[in-house]
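The next block holds one structure in the form of structure tokens; read it before the comments.
The values are calculated or read from the model by the stated rules, or taken from the named source; none is laboratory data. Since we're looking at a predicted model, the values are computed, not measured. Protein only, heavy atoms only, side chains kept; ligands, DNA and RNA dropped before computing areas. Shrake-Rupley method; radii C 1.70, N 1.55, O 1.52, S 1.80 Å.
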Amino acid sequence: MNINIDALRQLAEERNWSIPELAARLNVEYSYLHRVLKGEKKGGGKLFAGIYNLCVEEGLQAEHFFGGDRILSTNNEKPKARASRSIQSPVTLHEALRLAADLAEDNERLLRELYERKGKRG
């Protein structure tokens, strides 16, 4: 999935946010967002989740940042193998982003819990 980096830059400009402030609002490291905006990296799940959450908070259309509300397959197998397997339900981009946001939040919560447990053990 490709991120519309021009739309992210435009959002920051319209809201008078610096790129470090945009990164903070997206809950990603500035250096990571900077590399994405320069085209050196593609965004991953945490950035997708950050964009989705920011869109929910700001009342924006997430599809604008990803290029449309196209249908995504939930079957990641190679095309030849798909014919012999049952096809899973397709999801919309909006649903996929919501799921990515939920997973990112769950991962952060689990990491905090593990860190706290480790700290208690000494």
Test each condition in (1) at pLDDT 75 or above; (2) not in a loop (DSSP other than H, G, I, E, B) for A101 and report the one that comes out false. (1)
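With respect to G59, determine if the residue is among the small types (G, A, S), modelled with pLDDT of 50 or more and open to solvent by 60 Å² or more (accessible area, probe 1.4 Å).
Here the answer is yes, as G59 does meet what is asked.
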